[in-house]
Amino acid sequence: MDAILVRGGGPLHGTIPIAGAKNACLTLMPATLLSEEPLTLTNAPRLSDIRTMTQLLQSLGAEITTLQEGRVISMSCHGAINTRAEYDIVRKMRASNLVLGPLLAREGYAEVSLPGGCAIGARPMDIHTDGLQKMGVSIELRDGYLYAKATGGRLQGAVIDFPFASVGATENIMMAATLAKGTTVINNAAREPEIVDLADCLRRMGAQIDGDGTSTITIQGVDRLGAATHPVVTDRIELGTYMLAPAICGGEVELLGGRIDLIGAFCEKLDAAGIDITETEKGLKVKRRNGRVRAVDVTTEPFPGFPTDLQAQMMALLCTAEGTSTLEEKIFENRFMHAPELIRMGAKVDVHGGKAIVTGVEKLKGAPVMATDLRASVSLILAGMAAEGETKVSRVYHLDRGYEHVVSKLSGVGANIERIKDE
């Protein structure tokens, strides 16, 4: 098993290219099940989660070819479709549940194992299945699998009111509704950029979708979808993560492909903490103003609020801020598991339920730490870059799920970081 070794150093300078969004690509790939014609994705990230989704779709009958060192994914589902998504694949990644809606739309039947993923709290499938039931689907949970069938042979349009703005459920229902009979309206829909990206892709395939990016999405079902080529949107979480590198270490770094509109609430908090963000022709430049960063309070919220997937990384920054910050996690429970590891590095963090009180220290100390989930792993790397001495981050297989070439990207701007075998 590998580990990441980080030695605290000086300021960072240079450029970091930002990949296509993992969460967007994992949503776009199952859309190939909706058509017998090819779907090609460009600007795809090269991650283990993408390989897992590739494996799952191939098991369902998709033909998939990767080009340009994995940055282009060419998919086709022109043959027979297998409607059973097996546990051995689905358990590796929560996004596997996004094949449920497309399978039902195309075949009227699906058997999908309950998913796995990071241990950051319960994320039940109820909101997905409740919406599908309104579209005329009968669902039975048996032996860890969802057995779902469109009772009339084809999904029916419906008005679906979500109890909360679930990203995954919005995506599943959107894809299902593209081939349903009639009109589907999703109220309290998620508004994340990944939702807009999915809608753009589906429209390229011939879907009729309006309202994406707002809380009400309307989909008029069509009889078939066709071929399309679609560029994956910039990964706003990778962008925010690497924006924090010069904020923590000092220096100035340009993030190629960065866009403020993807993470506006995050940028507002960085500005309040004393970080300058400048738009350039190629992306965003980030540098810390004079002195230590200032404490700020953060509450995670659905888009356009502060992203839960940047909470752990932001905590790493605030561990060295001047003053006391409060971080409130409103999206997932159990998402402060990185706090004890930061405490091992000298951070002052006090967790009470869904809130963490962070009192900044002048300097963190290097220590051996262990990653508990994807975002926690990179937060510990960021902390190590700001710490005195050496930090070894173990269990970095989490990292490979969401960050491509993290060592080369950070070392390219001056970080002292390497990947090693963990003994």
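The values are calculated or read from the model by the stated rules, or taken from the named source; none is laboratory data. Note that the coordinates shown come from a computational prediction; the quantities given were computed from them, not determined experimentally. We place every Cβ from the backbone using ideal geometry, glycine too, and count neighbours over all the protein chains shown.
Quick notes on this structure:
- Single residue of SER113, SER96 found to be touching a strand residue (DSSP E or B) at 6+ places or on another chain (Cβ under 7 Å), small (Gly, Ala, Ser) and under 25 Å from ASP197 (Cα atoms): SER96
- Pairs with Cβ under 6 Å, 6+ apart, first in region 356-381 and in the same structural domain as SER394 (by TED's automatic domain parsing), second among the acidic types (Asp, Glu) and crowded, with 19+ Cβ neighbours inside 10 Å: VAL369/GLU341; ARG375/ASP309; LEU380/GLU341
- Cross-chain or 6+ apart pairs with Cβ under 6 Å, region 288-300 first and assigned by TED's automatic domain parsing to the domain that holds ALA272, then among the charged types (D, E, K, R) and part of a loop (DSSP other than H, G, I, E, B): THR300/GLU329; THR300/LYS330
- Identity of the residue in region 312-344, buried (at least 24 other Cβ atoms within 10 Å of the Cβ) and out of contact with any strand residue (DSSP E or B) (no Cβ under 7 Å at 6 or more places or on another chain), that ends up farthest from GLY250 (Cα to Cα): ARG335
- Subset of region 345-364 that is over 19 Å from GLY274 (Cβ atoms) and surrounded by fewer than 16 Cβ atoms within 10 Å (Cβ to Cβ) - its residue that is nearest to the chain's Cα centre (by Cα): LYS355
- Of the set (1) among the acidic types (Asp, Glu); (2) at pLDDT 95 or above; (3) over 24 Å from the mean Cα position of the chain (by Cα), all apply to GLU171 but (3).
- Leading residue by the ranking (nearest to MET315 (Cα to Cα)) among those in region 383-394 that are touching a strand residue (DSSP E or B) at 6+ places or on another chain (Cβ under 9 Å) and either without any contact (Cβ under 8 Å) to a residue 24 or more places away in the chain or buried (at least 23 other Cβ atoms within 10 Å of the Cβ) (or both): ALA383
- Residue identified as modelled with pLDDT of 95 or more, small (Gly, Ala, Ser) and at negative phi among GLY116, GLY152, GLY136, GLY131: GLY131
- Inside region 310-337, residues that are out of contact with any His (no Cβ under 6 Å at 6 or more places or on another chain) and either more than 11 Å from LYS355 (Cα to Cα) or not assigned by TED's automatic domain parsing to the domain that holds VAL369 (or both) make up a count of 17.
- Candidate set from region 357-400 (those that are part of a strand (DSSP E or B) and either on the phi > 0 side of the Ramachandran plot or polar (S, T, N, Q) (or both)); member that is modelled with the lowest pLDDT: SER394
- Residue match in region 23-38 (condition: in contact with a helix residue (DSSP H, G or I) (Cβ under 8 Å, 6 or more places away or on another chain), at pLDDT below 95 and crowded, with 16+ Cβ neighbours inside 10 Å): yes
- Residue count for region 272-287, restricted to those that are of a type in the set (Lys, Arg) and either surrounded by fewer than 17 Cβ atoms within 10 Å (Cβ to Cβ) or free of Cβ contacts under 8 Å to residues at least 24 places away in the same chain (or both): 1
- Criterion applied to GLU86, GLU63 was being more than 21 Å from the chain's Cα centre (by Cα) and farther than 26 Å from GLY206 by Cβ, and the one residue passing it is GLU86.
- Extreme residue, modelled with the lowest pLDDT, among residues of region 53-77 that are under 20 Å from ASP197 (Cβ atoms) and polar (S, T, N, Q): GLN68
- Residues being within 11 Å of VAL361 (Cβ to Cβ) and part of a strand (DSSP E or B) - total across region 325-350: 2
- Top-ranked residue of region 294-311 - restricted to ones that are of a type in the set (S, T, N, Q) and surrounded by fewer than 21 Cβ atoms within 10 Å (Cβ to Cβ), ranked as nearest to VAL351 (Cα to Cα): THR299
- For region 146-169, a residue qualifies if it is among the small types (Gly, Ala, Ser) and either over 16 Å from PRO102 (Cβ atoms) or surrounded by fewer than 18 Cβ atoms within 10 Å (Cβ to Cβ) (or both), and the qualifying residues are GLY152, GLY153, GLY157, ALA158, ALA165, SER166.
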